[in-house]
Amino acid sequence: GQLPTWLQGILLRNGPGMHTIGDSKYNHWFDGLALLHSFTFKNGEVYYRSKYLRSDTYNCNIEANRIVVSEFGTMAYPDPCKNIFAKAFSYLSHTIPEFTDNCLINIMKAGDDFFATSETNFIRKINPQTLETLEKVDYNKYVAVNVATSHPHYDSAGNVLNMGTSIVDKGKTKYVLFKIPSSVPEQEKKKSCFKHLEVVCSIPSRSLLHPSYYHSFGITENYIIFIEQPFRLDIVKMATAYIRHVSWASCLAFNKDDKTWFHFIDKKTKKEVSTKFYTDAMVFFHHINAYEEDGHIIFDIIAYTDNSLYDMFYLKNLGKDFEENSKLTSIPTCKRFVVPLQHDKDAEVGSNLVTLPSTATAVKEKDGNIYCQPEILCEGIELPRINYDYNGKKYKYVFATKVQWSPVPTKIAKFNTQTKEMLHWGQDHCWPSEPIFVPNPDAKEEDDGVVLTCVVKTDPKEAPFLLVLDAKTFTELGRATVDVDMHLDLHGMFIPEQDLKTETE
């Protein structure tokens, strides 16, 4: 095929790549050592490159020829990088262990630099052109968080907004929203943008010892949306996990009888909206988009009725009959919540406060809380992406992987949130990755651009390829076949040519 002449830049992707070191194996697919790979588009040609992230975790493990640094689903014993007594003691005194810097989930841009990220307090700077691993950044030096999401947001000025959980202050567990500026003052050119990181606001956890797990958050023009779900970390269990010989993953629990609370933070005042909005128990990882309309906040997420998704990816479940044997007990559902921020305070108890045309409801209760029920947009999509120019604005299109009852995607989809139409691309024995939308620089419409996805074949003898689709019609424009073992990855980003520093800089 042929690639559009305007497509110039690098598609950079991240995901777990090595699951066996010496005689030791990770328990969980999400624990594997990070492998970066990239597709560079230059004048109609595509160049492929891949490299393991040379994290401290990677170096320690390779040197010892076994797993010596614990990951979320795999506890390592004893850790020769540290004296075991000191380690056990620090577990009890801090409750939060020394986390890994195996940043395997996503790529983030901060200032002019790019970082591999996961959900711990460490991120690793990388060179997007050579995939070389550069310095380690510890969020904790700049803001008191022990974990942070790997799905930050970017505002129009290029500042990064992200969230983390602070478990440091005894009995003061909170969720912290922070901002990393896109540039530093001229006189401080040598300093990193992290030195100017600022805390936007913090939200106390509803339960001091059981903070909510979250993988992403939402943003509109004026608000930040944080969903506190009843899928929680047990801090006391985490503090003793090492001694009890269990993984940290076993310290996560979902309470299906509990509520899911919505928090809305006003960007200008940095204060939370005082009305309490909630919905039924659910587990979710990915926000799609959110926007404001006539005094309402509308946000779209992909939710589950239980937490079976994480368990599917234990390596013992990923055997040769994986496709047949792994069945999700809860199918991912794309839900749209419509939240009436500005509603009549004197409305009757039991009345629906949503005034927009939608099947979503928000019902006022006796205690003044508002119970929200979503509109179901569609089912069976995951790893959603949008045209990021429409982030926080009214939008139409979601690009996502299509999953049936198995968690491994077989197709990619384009879903129109307004007409509910869905277009697909799929081929037998193909596993596509998260689709990334790249807008045409002269685009007039939301879906004017291309969709990029890396496709792995189920038969290891067949070569994987990068697929380029026309985002409007979902027809194939071209594919670049790669003669290597390509790994299934998680997330990534497209870096346009103009955002790449030249080697001399």
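The values are calculated or read from the model by the stated rules, or taken from the named source; none is laboratory data. Quick caveat, the model's predicted, so the values are computed rather than measured. Positions of Cβ are backbone-derived with ideal geometry, glycine not excepted, and every protein chain shown enters the neighbour counts. When the accessible area is computed, the model is the full protein with side chains, heavy atoms only, and any ligands, DNA or RNA have been set aside. Shrake-Rupley method; radii C 1.70, N 1.55, O 1.52, S 1.80 Å.
Each residue of the range 479-485 is assigned a 3J(HN,Hα), and the resulting list reads 9, 10, 7, 10, 8, 9, 6 Hz, derived from the Karplus form 6.51 cos²θ - 1.76 cosθ + 1.60 (θ = phi - 60°), x at Gly and Pro. The phi torsions of the range 355-362, fed into the Karplus equation with coefficients 6.51, -1.76 and 1.60 and a -60° offset, translate into couplings of 10, 8, x, 6, 7, 5, 10, 9 Hz, rounded to whole numbers, with Gly and Pro shown as x. A dipole drawn for the chain from +1 and -1 charges on Cβ atoms has a positive end, and of Tyr223, Tyr26, Ile297 the residue lying farthest that way is Tyr26. What distance in nm separates the two pseudo spin-label positions at Tyr77 and Asp155, each 7 Å out from Cα along the beta-carbon direction? Between Tyr77 and Asp155, the label points sit 4.9 nm apart. Name the residue from Ile376, Ile495, Ser183 whose Cα lies farthest towards the positive end of the charge dipole of the chain, charges +1 on Cβ of Lys and Arg and -1 on Cβ of Asp and Glu. Sorting the options by dipole projection puts first Ser183. Computed over protein heavy atoms with a 1.4 angstrom probe, the accessible surface ordering of Thr165, Thr475, largest first, is Thr475, Thr165. Tally Lys/Arg at +1 and Asp/Glu at -1 over every other residue whose Cβ is under 11 Å from the Cβ of Ser351; what's the total? After counting each charged neighbour, the total is -3. Taking 0.36 nm per residue of sequence separation and removing the Cα-Cα distance, the Asp112/Lys444 pair yields an extension gain of 116.8 nm. Projecting the Cα atoms of Cys454, Gly392, Met163 onto the dipole axis of the chain, where Lys and Arg carry +1 and Asp and Glu carry -1 at the beta carbon, places Met163 farthest toward the positive end.
Taking the helices alone, the chain has a mean residue ellipticity at 222 nm of -1500 deg cm²/dmol, built from -39,500 (n - 2.57) per DSSP H run of at least 4 residues and averaged over all its residues.
Relative to one another, the C-alpha centroids of the range 329-383 and the range 411-438 are positioned 27 Å apart. Using a 1.4 Å probe over the heavy atoms of the protein chains, calculate the carbon and sulfur portion of the accessible area of the chain as a whole percent. Looking at the chain in its full context, I get 50 percent from C and S.
Rolling a 1.4 angstrom probe over the protein heavy atoms with all chains in place gives the range 9-499 an accessible area of 43 Å² per residue.
Normalised radius of gyration (Cα atoms, divided by 2.2 N^0.38 Å) for the chain: 0.96. Between the range 1-68 and the range 254-270, the alpha-carbon centres lie 35 Å apart. Packing around the peptides 245-252, 298-305, 70-77, taken as the average count of other Cβ atoms within 10 Å per residue, puts them in this order, highest first: 298-305, 70-77, 245-252.
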